[in-house]
Amino acid sequence: MRKLMLIVAAIAIAAPALATVDIGITDLGGGQAAITYDTGGAAVRAYALDITVSAGTIDAVSGFKTGESVTGSLGYGIFPGNFRDYINPATPNWGDPNYTPVAPSGDPDALGGLGTAGVTIELGSLYVDANAPAGSGVLCVLGVSDDCTMCVTLNTSRGGVVLEDATAAPTNTLPVCLAVDGPGGGGPECWNWLAQCHGDVVGDNALVQLEDFFAFKDAYGGIYPAAKYNACADFDRNGAVELADFFVFKDAFAITSVPSDCTPGGTWPPTP
């Protein structure tokens, strides 16, 4: 019996832990929020998610890939709920405006859709060889009518998060919720910080130091509306965290006193 227990324990230790797929929300400001994913190295085939808002409605969907995942355009572009109605497999028109990740409200267990307080999004992948979707990125961007709390959870009856072998993927704890600014707010809240335009990425209005450095490093190269874009690191507020912002950050890093004279707000959404 002791030998058997040792064998069982050895198998348990040797068995690899399943990767956790992380689903999140990024507030892009101006009434827009990105639904993001990170597979953690897992081979994910499809997502079925419910997104709801506490106030107002979800009125628009954008920022999604359509069609097959191919070199130079990797991603989840197969939308089961709308594929059957709008795509002819023989001659697919991926640009059909009706072809979006938002599942039809009349489908079983789908939420009300655009113009209501909840949508169900479904995105799958179609690819060959080494053209699997990227391990992390943006599934889509949703537009809201008002300031709200947005929450995302699994729609398990429509599949949830599905791996290549058709089994359910483990995910981070859902629902995940985030306060999202409504449109017309003149940009995200951090654009009202008095030192943001001088390199204050984290909002402590103090020294620009290591915490700001790591946040800036993670955002560098991000262009609106990609999830990598961090408006707080966009010091000239032009929709891209780029070389001009680097020079602002370099000049501010570790100086004794950061100026506190930034003009609040800005044009939103930004035009890179």
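Each value in this text was obtained by applying a stated rule to the coordinates, not by laboratory testing. All values reported here derive from a predicted model rather than from experimental measurement. Reconstructed Cβ throughout: ideal geometry from the backbone, glycine too, with neighbour counts over all protein chains shown.
Miscellaneous remarks
- The count of lysine pairs in the chain with alpha-carbon distances below 30 Å, taking only pairs 8 or more places apart or on different chains, stands at 5.
- Whole-angstrom Cα spans of the stretch 189-252 along principal axes, big to small: 28, 22, 17
- Net +/- balance of residues flanking residue 152 in space, Cβ distance below 15 Å, scoring K and R +1, D and E -1: -4
- Long-range amide H partners of residue 21 with built H, under 5 Å: 171, 172
- Dipole of the stretch 22-180, positive direction: furthest Cα of 79, 156, 102, with charges on the beta-carbon: 79
- Solvent-free Debye scattering, log10 I(q)/I(0), computed from the Cα coordinates of the stretch 22-180 at q = 0.14, 0.16, 0.21 Å⁻¹: -0.65, -0.86, -1.49
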